1. Taking the stated definitions as given, is residue A:172 within 10 Å of DNA strand C (Cβ to nearest atom) and either crowded, with 18+ Cβ neighbours inside 10 Å or among the acidic types (Asp, Glu) (or both)?
2. Do we have residue A:34 as outside any strand (DSSP E or B) and basic (Lys, Arg) here?
3. State the number of residues belonging to region B:38-69 that are within 16 Å of DNA strand D (Cβ to nearest atom), open to solvent by 60 Å² or more (accessible area, probe 1.4 Å) and either touching a His at 6+ places or on another chain (Cβ under 6 Å) or in contact (Cβ under 8 Å) with a residue 24 or more places away in the chain (or both).
4. So which residues in region A:139-196 are of a type in the set (Gly, Ala, Ser) and within 17 Å of residue A:61 (Cα to Cα)?
5. For residue B:128, state whether it is touching a residue at least 12 places away in the same chain (Cβ under 8 Å), over 15 Å from the mean Cα position of the chain (by Cα) and open to solvent by 30 Å² or more (accessible area, probe 1.4 Å).
6. Residue under question is residue B:153, and the condition is that it be away from every other protein chain (no Cβ under 13 Å) and surrounded by 15 or more Cβ atoms within 10 Å (Cβ to Cβ); does it hold?
7. If I go through region B:164-196 residue by residue, how many of them are touching a residue at least 12 places away in the same chain (Cβ under 8 Å), more than 18 Å from residue B:70 (Cα to Cα) and away from DNA strand D (no atom under 11 Å from the Cβ)?
There are 2 protein chains.
Amino acid sequence: MKEVLDKYITYYKQLVPEATPKELSFMCEGACIKTYPKKSFFLKAGEVQPAMGFVYEGLLRRYYINEKGNTITTGFIPENNYAADYPAFIKQKASKYFIECLEASVLVELPYNKIQESYQKFQNTERYGRLIAEYVLTLQTNRTESFLFENAEERYLNFIAENQNLMHRISLTHLSSYLGIERQSLSRIRKKLTRE
Amino acid sequence: MKEVLDKYITYYKQLVPEATPKELSFMCEGACIKTYPKKSFFLKAGEVQPAMGFVYEGLLRRYYINEKGNTITTGFIPENNYAADYPAFIKQKASKYFIECLEASVLVELPYNKIQESYQKFQNTERYGRLIAEYVLTLQTNRTESFLFENAEERYLNFIAENQNLMHRISLTHLSSYLGIERQSLSRIRKKLTRE
DNA sequence: TTTTACCTGTCACTTATGTGACAAAATTAC
DNA sequence: GTAATTTTGTCACATAAGTGACAGGTAAAA
């Protein structure tokens with residue numbers, strides 16, 4: 001319990017070192033800790049995401065099912081990251097994503113209203129919000145560029161290099177859809193790489 | 001001169017309706033208006049972007065030259081948008097992008113230091129920064145998804161639908177590299193579409 | 001333990017996209 | 001207005017990736 005909030009607070013302080021005790025306690029009092037079993041959902045398509053979810057422990061996957069019925073993974077969310085569909089959460093609109101637990105997970109959840117309230121009360125939390133948005137924006141930009149600048153094989157190699165810790169926790173099927181290719185293509189790439 | 005700042009302020013107020021006269025005058029006093037001829041650069045690869053550039057008039061293009069020497073367009077920036085390499089600007093790191101004027105352009109520029117200063121002085125500007133970051137994040141997310149969910153033809157059709165006003169202002173070559181395909185492929189797609 | 005569901009590797013075939021080359025058209029510079 | 005440059009459309013061919021199918025492997029459920 002205490003360690004869980006500690007990790008959450010540590011992450012906050014990392015981005016906003018000038019954080020005051022007042023806002024930290026506000027962040028903790030407003031938050032609740034939830035446990036999710038494997039295969040359960042943090043968010044389902046059609047729902048409005050009620051709270052930001054900081055992953056204390058576990059691994060989640062964000063995916064989308066398109067008109068053709070294909071399941072497309074758009075992200076993996078391990079410890080020390082926020083589970084969210086940002087664009088939809090910001091506007092409190094229904095999401096088209098599922099966020100599912102690949103492993104049993106523990107999240108610290110801060111409801112939308114509490115976040116808005118904190119923006120009114122404390123200048124630092126507004127900064128926290130800005131820094132998170134800027135951070136996610138940077139990640140997203142890198143991802144877009146990976147599609148423009150790299151082919152499937154390069155995207156795969158970069159993913160391994162940057163996510164060694166995740167490799168053994170996710171399936172090939174999920175990874176291929178994250179990389180924007182078919183499972184068979186990823187299989188083909190791996191085969192080619194082992195030959196080289 | 002006055003209209004230029006008016007447009008810039010109107011944009012600000014749109015995002016932050018609660019803006020105070022104080023912060024508005026701070027934003028104006030710190031800003032300067034610059035004119036760029038066609039083909040000139042707002043930013044060059046290797047430079048640190050010194051200021052955010054609000055486009056009052058004109059059209060710019062952000063592009064990147066990769067190791068293979070290919071030029072890849074990552075965005076078009078028309079009136080009422082900010083010209084920037086966000087991730088690099090935020091951290092004041094050297095950019096790898098060129099931002100070039102496709103048309104003669106007029107920009108309102110607010111230096112990095114002024115922005116940081118305003119974050120200290122006024123709570124609202126921090127909000128402005130957050131909202132801009134969230135807005136750009138949403139755009140970026142949509143763009144990433146377009147690569148995952150759509151094929152080249154669909155990306156092209158969506159681009160036309162959402163940017164009728166830009167279509168006649170940009171070249172096919174630039175558009176194809178923005179869509180992540182070769183010029184010939186775009187040509188092929190257009191040919192196929194006219195047949196249908 | 002057995003059954004079931006899911007995951008993975010592989011194949012043959014199809015389709016989409018990249019590549020290099022060339023000429024016509026449009027734009028720009030002189 | 002003419003020459004130089006850039007942009008565009010097109011082709012033939014090469015490569016990359018998608019598709020549907022099937023079998024073996026692995027992990028979860030009964």
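1. Numbers: within 10 Å of DNA strand C (Cβ to nearest atom): yes; either crowded, with 18+ Cβ neighbours inside 10 Å or among the acidic types (Asp, Glu) (or both): no.
So residue A:172 does not fit the description; no.
2. Values: outside any strand (DSSP E or B): no; basic (Lys, Arg): yes.
Answer is no for this residue.
3. Total satisfying the criteria: 4.
4. To start, the set of residues in region A:139-196 that are of a type in the set (Gly, Ala, Ser) comprises A:146, A:152, A:161, A:171, A:176-177, A:180, A:185, A:187.
Listed by number, the residues that qualify are A:171, A:176, A:177, A:180.
5. Values: touching a residue at least 12 places away in the same chain (Cβ under 8 Å): yes; over 15 Å from the mean Cα position of the chain (by Cα): yes; open to solvent by 30 Å² or more (accessible area, probe 1.4 Å): no.
Spelling it out, it is not the case that residue B:128 is touching a residue at least 12 places away in the same chain (Cβ under 8 Å), over 15 Å from the mean Cα position of the chain (by Cα) and open to solvent by 30 Å² or more (accessible area, probe 1.4 Å).
6. Working: away from every other protein chain (no Cβ under 13 Å): yes; surrounded by 15 or more Cβ atoms within 10 Å (Cβ to Cβ): yes.
Taking the combined requirement at face value, the residue satisfies it.
7. 2
Table: residues versus (1) within 16 Å of DNA strand C (Cβ to nearest atom); (2) in contact with a strand residue (DSSP E or B) (Cβ under 6 Å, 6 or more places away or on another chain); (3) not basic (Lys, Arg).
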| residue | (1), (2), (3) |
| --- | --- |
| A:92 | no, yes, yes |
| A:122 | no, no, yes |
| A:133 | no, no, yes |
| A:141 | no, no, yes |
| A:154 | yes, no, yes |
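The values are calculated or read from the model by the stated rules, or taken from the named source; none is laboratory data. Because the structure is a prediction, the values reported are computed rather than measured. Cβ sites come from the backbone with ideal geometry, for glycine too, and all protein chains shown count toward neighbours. These accessible areas exclude ligands, DNA and RNA; they are computed on the full protein's heavy atoms, side chains included. Shrake-Rupley method; radii C 1.70, N 1.55, O 1.52, S 1.80 Å.
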